[in-house]
1. Can you tell me which residues in segment 100-114 are of a type in the set (Ser, Thr, Tyr) and either at pLDDT 95 or above or assigned to a helix (DSSP H, G or I) (or both)?
2. Would you be able to tell me the number of residues in segment 1-50 that are more than 17 Å from the chain's Cα centre (by Cα) and either part of a loop (DSSP other than H, G, I, E, B) or among the aromatic types (Phe, Trp, Tyr) (or both)?
3. For segment 8-33, which positions are of a type in the set (A, V, I, L, M, F, W, C), surrounded by 11 or more Cβ atoms within 10 Å (Cβ to Cβ) and either in contact with a Cys (Cβ under 6 Å, 6 or more places away or on another chain) or farther than 30 Å from residue 78 by Cβ (or both)?
4. If I filter segment 89-110 down to residues being among the hydrophobic types (A, V, I, L, M, F, W, C) and either surrounded by 17 or more Cβ atoms within 10 Å (Cβ to Cβ) or out of contact with any helix residue (DSSP H, G or I) (no Cβ under 6 Å at 6 or more places or on another chain) (or both), which single residue comes out as farthest from residue 57 (Cα to Cα)?
5. Would it be correct to say that residue 86 is at pLDDT below 90, in contact with a helix residue (DSSP H, G or I) (Cβ under 7 Å, 6 or more places away or on another chain) and either hydroxyl-bearing (Ser, Thr, Tyr) or part of a helix (DSSP H, G or I) (or both)?
Amino acid sequence: MIALLGVICLAGRLTMLSAGHFQRAQTADQAGRMEEAVESYAWSIRNYYPGNPYCGRAIRGALHVIDECYKSEQVDRKQQALLELRAALLSIRSFYQPYRRELEQIDKQLQDSY
(Lines give C-alpha, C1' and ligand atoms only; values in the text may rest on other atoms or scores of the structure.)
Protein backbone atom coordinates (compact mmCIF):
# COMPACT_ATOMS: atom_id res chain seq x y z
CA MET A 1 0.00 0.00 0.00
CA ILE A 2 2.79 2.43 0.91
CA ALA A 3 4.68 1.50 -2.26
CA LEU A 4 1.60 2.24 -4.36
CA LEU A 5 1.19 5.60 -2.67
CA GLY A 6 4.86 6.36 -3.37
CA VAL A 7 4.46 5.50 -7.06
CA ILE A 8 1.37 7.70 -7.32
CA CYS A 9 3.21 10.60 -5.67
CA LEU A 10 6.21 10.14 -7.98
CA ALA A 11 4.00 10.06 -11.07
CA GLY A 12 2.22 13.21 -9.92
CA ARG A 13 5.52 15.00 -9.32
CA LEU A 14 6.89 13.97 -12.73
CA THR A 15 3.67 15.13 -14.39
CA MET A 16 3.87 18.53 -12.69
CA LEU A 17 7.53 18.97 -13.66
CA SER A 18 6.85 17.90 -17.22
CA ALA A 19 3.86 20.25 -17.46
CA GLY A 20 5.91 23.20 -16.18
CA HIS A 21 8.70 22.63 -18.68
CA PHE A 22 6.15 22.11 -21.46
CA GLN A 23 4.42 25.41 -20.68
CA ARG A 24 7.79 27.25 -20.61
CA ALA A 25 8.63 25.68 -23.96
CA GLN A 26 5.37 26.80 -25.53
CA THR A 27 5.87 30.35 -24.24
CA ALA A 28 9.42 30.44 -25.61
CA ASP A 29 8.26 28.95 -28.93
CA GLN A 30 5.55 31.60 -29.33
CA ALA A 31 8.09 34.33 -28.53
CA GLY A 32 10.51 32.97 -31.15
CA ARG A 33 13.17 31.86 -28.65
CA MET A 34 13.98 28.57 -30.38
CA GLU A 35 16.91 27.41 -28.24
CA GLU A 36 14.98 27.96 -25.01
CA ALA A 37 11.94 26.20 -26.45
CA VAL A 38 13.88 23.10 -27.47
CA GLU A 39 15.69 22.97 -24.13
CA SER A 40 12.41 23.19 -22.21
CA TYR A 41 10.76 20.58 -24.44
CA ALA A 42 13.76 18.31 -23.79
CA TRP A 43 13.38 18.73 -20.02
CA SER A 44 9.69 17.92 -20.33
CA ILE A 45 10.63 14.70 -22.15
CA ARG A 46 13.22 13.80 -19.49
CA ASN A 47 10.39 13.56 -16.95
CA TYR A 48 9.05 10.56 -18.86
CA TYR A 49 7.07 7.71 -17.38
CA PRO A 50 4.62 5.51 -19.29
CA GLY A 51 1.39 7.45 -19.53
CA ASN A 52 2.84 10.95 -19.03
CA PRO A 53 0.56 13.14 -21.18
CA TYR A 54 3.24 15.79 -21.84
CA CYS A 55 6.10 13.74 -23.33
CA GLY A 56 4.49 13.06 -26.70
CA ARG A 57 3.34 16.66 -26.94
CA ALA A 58 6.83 17.88 -26.06
CA ILE A 59 8.36 15.73 -28.81
CA ARG A 60 5.90 17.12 -31.35
CA GLY A 61 6.60 20.65 -30.13
CA ALA A 62 10.36 20.19 -30.42
CA LEU A 63 10.01 18.71 -33.90
CA HIS A 64 7.89 21.74 -34.85
CA VAL A 65 10.65 24.10 -33.67
CA ILE A 66 13.21 22.06 -35.61
CA ASP A 67 11.07 22.33 -38.75
CA GLU A 68 10.90 26.11 -38.25
CA CYS A 69 14.71 26.20 -38.04
CA TYR A 70 14.87 24.26 -41.30
CA LYS A 71 12.42 26.59 -43.02
CA SER A 72 14.37 29.66 -41.93
CA GLU A 73 17.62 28.01 -43.10
CA GLN A 74 19.21 28.04 -39.65
CA VAL A 75 21.17 24.82 -40.15
CA ASP A 76 23.37 25.16 -37.05
CA ARG A 77 20.35 25.74 -34.82
CA LYS A 78 18.58 22.79 -36.41
CA GLN A 79 21.51 20.45 -35.75
CA GLN A 80 21.83 21.65 -32.16
CA ALA A 81 18.08 21.18 -31.60
CA LEU A 82 18.20 17.68 -33.11
CA LEU A 83 21.10 16.75 -30.84
CA GLU A 84 19.27 18.12 -27.78
CA LEU A 85 16.10 16.19 -28.64
CA ARG A 86 18.10 13.02 -29.37
CA ALA A 87 19.86 13.28 -26.00
CA ALA A 88 16.52 13.68 -24.21
CA LEU A 89 15.06 10.62 -25.93
CA LEU A 90 18.12 8.52 -25.17
CA SER A 91 18.03 9.60 -21.53
CA ILE A 92 14.59 8.05 -20.99
CA ARG A 93 15.61 4.62 -22.29
CA SER A 94 15.41 1.80 -19.79
CA PHE A 95 14.77 -1.77 -20.91
CA TYR A 96 13.02 -0.43 -24.03
CA GLN A 97 13.25 2.78 -26.04
CA PRO A 98 10.09 4.91 -25.90
CA TYR A 99 9.41 6.90 -29.07
CA ARG A 100 11.74 4.72 -31.17
CA ARG A 101 10.33 5.98 -34.50
CA GLU A 102 10.94 9.60 -33.55
CA LEU A 103 14.50 8.75 -32.51
CA GLU A 104 15.13 7.01 -35.84
CA GLN A 105 13.71 10.05 -37.66
CA ILE A 106 16.05 12.36 -35.72
CA ASP A 107 19.05 10.12 -36.44
CA LYS A 108 18.21 10.15 -40.16
CA GLN A 109 17.90 13.95 -40.18
CA LEU A 110 21.25 14.27 -38.41
CA GLN A 111 22.92 11.94 -40.92
CA ASP A 112 21.47 13.94 -43.81
CA SER A 113 22.68 17.23 -42.34
CA TYR A 114 26.35 16.21 -42.21
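The values are calculated or read from the model by the stated rules, or taken from the named source; none is laboratory data. Because the structure is a prediction, the values reported are computed rather than measured. Because the Cβ atoms are built from the backbone with ideal geometry, glycine has one as well, and the counts that use them run over all protein chains shown.
1. Quick first cut of segment 100-114, residues of a type in the set (Ser, Thr, Tyr) only: 113-114.
113, the sole residue that qualifies.
2. To start, the set of residues in segment 1-50 that are more than 17 Å from the chain's Cα centre (by Cα) comprises 1-13, 31-32.
From what is left, the residues that are either part of a loop (DSSP other than H, G, I, E, B) or among the aromatic types (Phe, Trp, Tyr) (or both) are 1, 31-32.
Here the count works out to 3.
3. Listed by number, the residues that qualify are 10, 11, 16.
4. Initially, segment 89-110 is screened for residues among the hydrophobic types (A, V, I, L, M, F, W, C), giving 89-90, 92, 95, 103, 106, 110.
Of the ones still in play, those that are also either surrounded by 17 or more Cβ atoms within 10 Å (Cβ to Cβ) or out of contact with any helix residue (DSSP H, G or I) (no Cβ under 6 Å at 6 or more places or on another chain) (or both) are 89-90, 92, 95, 103, 106.
Numbers: 89: 13, 90: 17, 92: 15, 95: 23, 103: 15, 106: 16 Å.
The selected residue is 95.
5. Details: at pLDDT below 90: no; in contact with a helix residue (DSSP H, G or I) (Cβ under 7 Å, 6 or more places away or on another chain): yes; either hydroxyl-bearing (Ser, Thr, Tyr) or part of a helix (DSSP H, G or I) (or both): yes.
Taking the combined requirement at face value, the residue does not satisfy it.
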